[in-house]
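Structure first, commentary second.
The values are calculated or read from the model by the stated rules, or taken from the named source; none is laboratory data. As the structure is a computational prediction, the values presented were derived from the model and not from experiment. Here the Cβ positions follow ideal geometry from the backbone for every residue, glycine too, while neighbour counts run over all protein chains shown.
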2 protein chains.
Amino acid sequence: MSSEQPHLGALESLVGYRLRRAWSAFSADFAAAMEGTGLRQVPLAVLSIIAANPGINQGATGRALGIKRANMVALINELVEKQWIERATDANDRRALTLTLTTAGEAVMAEALQRIEGHENRMLSDMQPEERSLLLDLLSRIERRSPSAEAEDLGNG
Amino acid sequence: MSSEQPHLGALESLVGYRLRRAWSAFSADFAAAMEGTGLRQVPLAVLSIIAANPGINQGATGRALGIKRANMVALINELVEKQWIERATDANDRRALTLTLTTAGEAVMAEALQRIEGHENRMLSDMQPEERSLLLDLLSRIERRSPSAEAEDLGNG
DNA sequence: TATTGTTATACTCTATAACTATA
DNA sequence: TATAGTTATAGAGTATAACAATA
């Protein structure tokens, strides 16, 4: 019965479909690689932004990652509760919260990055270094085509 | 203030991060492109599998796409209700359901594929044809690294 | 009047477990 | 005993709207 490895039809050559499957495979392996750290994809991305931009505020962090303001709250609460970041009111704008990594936050980032290195090497093990950096470049070029995330409070003109 | 385009830190060179962002951009544009058709990503993929394998059964369809049995039910119900597919009990195995596109299903597929062509051209408009097919190839090679989906009923050995 | 962060809430997607009917 | 499909349900993740405090 040929139906057990069925044809993909139109999906076969769609970049969107391949992107979805690749993303799904990456996600699953990422989650497995992070087991025991208490980190998930989005919180790790948030930590990475804060680590690279100490004192950045909550809104700018979310905007950098396409995360809506409303969804940042629980995310930041979680990281504060785990004592991986510190949150303080910005002296120059008392509405805003500035974020910085704690020492524990730096440690968990270091541990995560080590695991992620293994994870990416595993997922990309059949690629030459040049293929890998080409993939990175091609993917980066797609991002710019997205309609900027937070159109939230704007009229839908 | 340099914080308005903050550094990405470790994310910068992670394929997983770029994959996520590219995927997210693709998803948003896909949804916009499908507006009015009533089609979403997964239902379209299901239609594509059925179109390419007339009479395939529900389980095999799901397995081809990494969709769990339990989640196939509502998905197939939706496509049947929209009269895009027909569902019949398999004469050779009365537990199984065989699926085929209706004429309306073929029409909606044709319409969707036309829109998707525009969508993919838009998302990949800054790529040369060779870059585009290279991207497709690199993405396809990632999929194989995924731990096969349905480990559902098996012991976790 | 606009912006930062907050709360409450809803919707989609995916996951698990327990069931039935057939094999 | 195993497999195809089903039901019910829970958990992420992400979306919208309305609000308070500050600018």
> Within the bounds of segment B:31-41, is there any residue that is surrounded by 15 or more Cβ atoms within 10 Å (Cβ to Cβ), under 30 Å from A:Gly59 (Cα atoms) and touching a residue at least 12 places away in the same chain (Cβ under 8 Å)?
Replying inline: yes
> Going by the conditions given, is B:Ser27 facing another protein chain (nearest Cβ under 7 Å), within 16 Å of the chain's Cα centre (by Cα) and assigned to a helix (DSSP H, G or I)?
Replying inline: no
> Of the residues A:Leu47, A:Leu8, which single one is more than 21 Å from B:Leu14 (Cβ to Cβ) and of a type in the set (A, V, I, L, M)?
Replying inline: A:Leu8
>> Filter segment A:47-76 down to the residues that are more than 12 Å from DNA strand D (Cβ to nearest atom), among the polar types (S, T, N, Q) and in a helix (DSSP H, G or I) and list them by number.
In response: A:Ser48, A:Gln58, A:Thr61
>> Looking at the structure I just gave you, is B:Arg87 modelled with pLDDT of 95 or more, surrounded by 12 or more Cβ atoms within 10 Å (Cβ to Cβ) and part of a helix (DSSP H, G or I)?
In response: no
> Only one of (1) within 9 Å of DNA strand D (Cβ to nearest atom); (2) away from every other protein chain (no Cβ under 14 Å); (3) assigned to a helix (DSSP H, G or I) is not met by B:Ala104, so which one is it?
Replying inline: (1)
>> Anything in segment B:106-127 that is buried (at least 17 other Cβ atoms within 10 Å of the Cβ), more than 14 Å from the chain's Cα centre (by Cα) and touching a residue at least 12 places away in the same chain (Cβ under 8 Å)? List them, or say none.
In response: B:Val108, B:Arg115, B:His119, B:Met123
